[in-house]
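One structure is given here, and the rest of the page talks about it.
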Amino acid sequence: MGRAYQNKKDSMAKTAGAKTKVYSKYGKEIYVCAKNGGIDPDGNLSLRRLIERAKKDQVPAHVIERAIEKAQGSGGEDYSTARYEGFGPGGCMIIVDCLTDNNNRTFSDVRVCFTKANSKIGAQGSVAHLFDHLAIFAFDGDDDEAVLEALLMEDIDVSDVENEGGKITVFTPHTEFFKAKTVLDSLDGVKLDVEEIAFVPQNTTPISGDDVEVFERFLAMLEDCDDVQEVYHNAEITQ
């Protein structure tokens, strides 16, 4: 599971957009989260998680503050979530999460990306059932048994714990994010490098040859869409 997840992260890193686009996406997500759940991070745990993740990705404080101030005012944009699923180059599975104020525009933009990559956008639920919606934590360490014991002692439902190359990766159901984070933060010597909620594929699809170039171009096109927030896939490059 960990290797498949890391493959996804590595692939996305190759096509990461400019910093201004990253800031824009975080600003939009923080605005929506604060608008819907309140501007106080202590009372809005989702907002607190989002701010912590933004800081780790080096989003400037003024971007975060401006988004929260905007949410505090009346009016403003009315964003909603949109999720698109389908099959990408080489038959891999794709999930695209968006925040949009115009569903028709967003669907059109995402569909164009699929079309240009000779890929097929599917119906809702067409591939999501083949992914697990998980909270993921990664940190340096070698005693995975002690980590597992600490989590189980707090009655946390652990999906998996991996220890590869001195890096421990913990997977729990997404609903256990805050409980698991609290336990891990309390352990001596643990400094979380990854703490997020994501769709993790149950199986991978190997892609090679010409499909690799098309796949990477496909990801780049999706990243360039203003409304796209996250892209998940099960592709494993085997060239």
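Observations on the structure shown:
- Atom-type composition of the exposed protein surface of the chain places 46 percent of the accessible area on carbon and sulfur (1.4 angstrom probe).
- Charge tally for L47 (other residues, Cβ to Cβ under 12 Å; Lys, Arg +1; Asp, Glu -1): 0.
- Within the range 138-239, the proportion of C-alpha pairs whose separation exceeds 22 Å stands at 45%.
- Contact order, relative form, for the chain: 26 percent (alpha carbon pairs under 8 Å, 6 or more residues apart, mean separation divided by residue count).
- Low-density loop cleavage sites - trypsin sites (Lys or Arg not before Pro) in the range 165-239, where at most 15 other Cβ are within 10 Å (DSSP): K191
- Restricting the range 162-204 to GluC sites (Glu not before Pro) in coil, as DSSP defines it, with at most 15 other Cβ within 10 Å: none
- Share of pairwise Cα-Cα distances greater than 17 Å in the range 185-236 is 58 percent (whole percent).
- Cα shape, the chain, gyration tensor, a/c 1.5 rule: oblate
- Mean-position separation - Cα centroids, the range 93-129 and the range 138-194, in angstrom: 33 Å
- MRE, 222 nm, helices only [DSSP H, n ≥ 4, -39500 (n - 2.57), over the chain, to nearest 500]: -14000 deg cm²/dmol
- Three-way shape label, the range 85-130, alpha-carbon gyration tensor, a/c 1.5: oblate
- Applying a length cut-off of 15 Å (Cα extent along the axis) and a mean Kyte-Doolittle floor of -0.5 to the DSSP H helices of the chain leaves 61-72, 210-223.
- Heavy-atom surface of the range 93-168, accessible at 1.4 Å and reported per residue (Å²): 53 Å²
- Förster-model FRET efficiency, 30 Å R0, N203 and H62, C-beta, rounded to 0.05: 0.10
The values are calculated or read from the model by the stated rules, or taken from the named source; none is laboratory data. Every value quoted in this text rests on a predicted model; they were computed, and no experiment measured them. Backbone-built Cβ (ideal geometry, glycine too); neighbour counts: all protein chains shown. SASA here: full protein model, heavy atoms, side chains in, ligands and nucleic acids out. Shrake-Rupley method; radii C 1.70, N 1.55, O 1.52, S 1.80 Å.
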